[in-house]
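The values are calculated or read from the model by the stated rules, or taken from the named source; none is laboratory data. Here the structure is a predicted model, which is why all the values come from computation and not from measurement. Cβ placement follows ideal geometry from the backbone for every residue including glycine, while neighbour counts extend to all protein chains displayed.
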Amino acid sequence: MKGAGKRTSFAALNVGQADRAAPEPVHAPAAPAAVEHVVSGTVVPPSTGIPKEPEFTPSTAQDPAEQFVHYEGLISRARVKVERALTEAERYWRLTAGPALKEIRDNGLYKTAGFSSFERYVADRWDMSRPRAYQLIDSVRAMKWLEGVAGEVPNERQLRAILPVGDAHGEAAAQQVWKLAEERGRTSGSALERAAADLGYHAAIEAPADKQPVPVWARYEPVFGALEDLRGLRLVALEAPDKARQLAARFRQAAAELEADLSPADEQ
């Protein structure tokens with residue numbers, strides 16, 4: 001299945017002084033517009049293969065059926081180009097930003113800009129949560145394990161399934177799990193976990209025996225209440241369009257991963 005990575009908005013932010021320590025903060029230059037567009041999922045720059053101008057052409061056919069075929073062809077070709085561009089952008093983003101964040105975290109480089117912690121740095125500089133930053137850093141290991149093996153750029157859910165296998169059993173085991181899932185025709189997160197279990201790697205992905213699973217549904221129930229307030233969501237789009245785009249991108253990724261795991265084909 002096609003991976004759809006989460007795309008974080010990289011708006012230039014003013015960092016608050018409350019959590020700062022000397023020396024004076026050094027503000028990194030704002031991200032180029034092309035990078036802003038790639039990671040926010042709003043526009044794909046021409047450098048990724050997307051034409052600068054739209055390729056819409058009116059149908060010259062008189063038959064409605066032929067008109068339909070013409071316009072469907074435009075949609076299909078545009079979708080293929082966008083998916084290819086987003087896949088390339090996702091790989092570039094993870095393998096560039098992930099190692100860079102790791103260097104900043106491991107060597108305490110955020111302190112040179114006056115940040116007291118890595119968590120504060122990613123939140124204030126990149127509008128990124130701590131879990132998201134660590135996922136991005138960790139995902140690099142799994143992506144490198146799967147280079148030349150996976151025919152797609154793995155998404156967040158797939159990487160979460162592969163990481164514990166590779167960490168516990170090594171690169172070869174991670175590749176073996178992917179290949180088995182691919183042979184079975186399904187590489188979703190849950191399919192990868194089943195493949196890992198069938199290969200004897202289940203212990204690497206299950207919770208420790210002395211800990212009870214923590215129910216997560218209750219954490220997400222308030223989300224449904226917020227989604228029912230459609231008027232409020234529209235106001236968010238009007239008052240804070242950048243935040244609204246970021247929220248929409250996260251919803252799209254979450255929906256894609258949920259649908260993949262709930263697919264009837266995945267239950268066989």
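Of note:
- Restricting G108, G114, G73 to residues that are under 26 Å from R141 (Cβ atoms) and not acidic (D, E) narrows the list to G108.
- Tallying residues that are surrounded by fewer than 18 Cβ atoms within 10 Å (Cβ to Cβ) and among the aliphatic types (A, V, I, L, M) within the stretch 165-180 yields 3.
- Members of the stretch 75-117 that are buried (at least 18 other Cβ atoms within 10 Å of the Cβ) and aromatic (F, W, Y): W93, Y110, F115
Residue-wise test of (1) at pLDDT below 75; (2) touching a helix residue (DSSP H, G or I) at 6+ places or on another chain (Cβ under 7 Å); (3) part of a helix (DSSP H, G or I); (4) more than 30 Å from K144 (Cβ to Cβ).
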residue	(1), (2), (3), (4)
R186	no, yes, no, no
P215	yes, no, no, yes
R231	yes, no, yes, yes
L258	yes, no, yes, no
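- Residue within the stretch 138-147 that is within 26 Å of V177 (Cβ to Cβ), surrounded by 18 or more Cβ atoms within 10 Å (Cβ to Cβ) and at pLDDT 90 or above present: yes
- Only one of the listed residues (P25, P58, P54) is of a type outside the set (G, A, S), at pLDDT below 70 and outside any helix (DSSP H, G or I). That residue is P25.
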